[in-house]
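Beneath this line is the structure, given in structure tokens, with notes to follow.
The values are calculated or read from the model by the stated rules, or taken from the named source; none is laboratory data. Please read all numbers here as calculations on a predicted model, not as lab measurements. For neighbour counting, all protein chains shown are included, and Cβ atoms are generated from backbone atoms with ideal geometry for every residue, glycine included.
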Amino acid sequence: MRKPILLLLFFISSTPLFAQFFIAGGHLNGGLPVSRLKQEVDKLFFPTISGIVLYEFHGQPFQVGLELSYGVYGTKVEVRDDLYPGFSEEYRIRRNNNYTSGMTVFRFLPSVNSKITPFVEIQAGANFLYSRFKIRPSFFEEPVEVASDMKDWAFSYKVGGGFQFPLPAIDGGKLELRLNYQNSGTMRFLTKHDVNFLPDKGDGEFEYNPRQSPLQLITASVGIVIYDAF
């Protein structure tokens with residue numbers, strides 16, 4: 001098996017017909033819930049930033065690559081003096097609900113007689129949602145406790161497309177506008193309204209009311225990509 005793979009890689013790297021180049025860029029993304037997710041969280045907004053790297057064979061209308069995304073879809077800060085039994089000192093609790101994803105990307109760019117380049121896109125990979133909190137005496141002091149409340153992941157896919165517009169000020173640069181629909185397997189996750197502290201229960205404990213839904217989003221993106229980046 002190893003020998004045919006090595007021969008294929010050598011053929012691709014040494015044949016002028018298959019000259020290739022890379023595209024790299026970044027996006028600001030905003031996702032709105034649809035379908036079952038909308039029933040769970042209604043208008044909760046999912047902002048992310050992402051970086052993308054694509055590989056294109058010269059003269060071919062296809063690109064393949066990888067996109068990594070990260071965002072915080074909810075944060076909550078509380079100041080309490082009842083976190084630790086026997087102590088009345090105030091502590092600041094910040095809890096962030098985080099969204100990360102890693103997706104393989106396939107794009108088809110139809111040939112058009114225009115400076116505006118349309119594309120169709122399919123992505124497949126995984127989403128990872130996790131909630132994490134920090135407890136500290138004040139904003140400027142080191143945390144006394146850091147932990148994760150809940151985490152879950154699921155396979156996911158996206159379908160959509162967009163347009164690229166030339167940016168004369170950046171060599172090889174293009175402004176990219178994109179719209180995707182995302183679906184995934186069912187996930188358990190928290191929003192900022194789903195955690196309460198119960199000081200009178202035992203020595204005090206957190207109560208969790210997690211949501212359960214596929215991560216179904218309509219996501220709009222704006223970004224810049226640079227052709228022949230490296």
Among residues of the stretch 119-155 being polar (S, T, N, Q) and within 18 Å of Glu205 (Cα to Cα), the residue surrounded by the fewest Cβ atoms within 10 Å (Cβ to Cβ) is Ser148
Meets criteria (touching a strand residue (DSSP E or B) at 6+ places or on another chain (Cβ under 7 Å) and farther than 30 Å from Ser88 by Cα) for Leu190
no
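Of all residues in the stretch 88-107, which are within 12 Å of the chain's Cα centre (by Cα) and of a type outside the set (Val, Ile, Thr)?
Asn98, Tyr99, Ser101, Gly102, Met103
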Give the residues of the stretch 178-205 that are more than 21 Å from Lys43 (Cα to Cα) and surrounded by 14 or more Cβ atoms within 10 Å (Cβ to Cβ), sorted by residue number.
Phe197, Pro199, Gly204
Mind checking which residues of the stretch 114-138 are part of a loop (DSSP other than H, G, I, E, B), of a type in the set (A, V, I, L, M, F, W, C) and touching a Lys or Arg at 6+ places or on another chain (Cβ under 9 Å)?
none
When the stretch 95-111 is examined, which residues are found to be part of a loop (DSSP other than H, G, I, E, B) and either surrounded by 18 or more Cβ atoms within 10 Å (Cβ to Cβ) or touching a strand residue (DSSP E or B) at 6+ places or on another chain (Cβ under 8 Å) (or both)?
Leu109, Pro110
Quick check on the stretch 155-195: of everything there that is among the basic types (Lys, Arg) and touching a Lys or Arg at 6+ places or on another chain (Cβ under 8 Å), which residue is farthest from Gln39 (Cα to Cα)?
Lys192
Hits in the stretch 70-88 (condition: in contact with a Pro (Cβ under 7 Å, 6 or more places away or on another chain) and surrounded by fewer than 17 Cβ atoms within 10 Å (Cβ to Cβ)):
Asp82
So how many residues does the stretch 14-40 have that are assigned to a helix (DSSP H, G or I), of a type in the set (A, V, I, L, M, F, W, C) and modelled with pLDDT under 95?
2
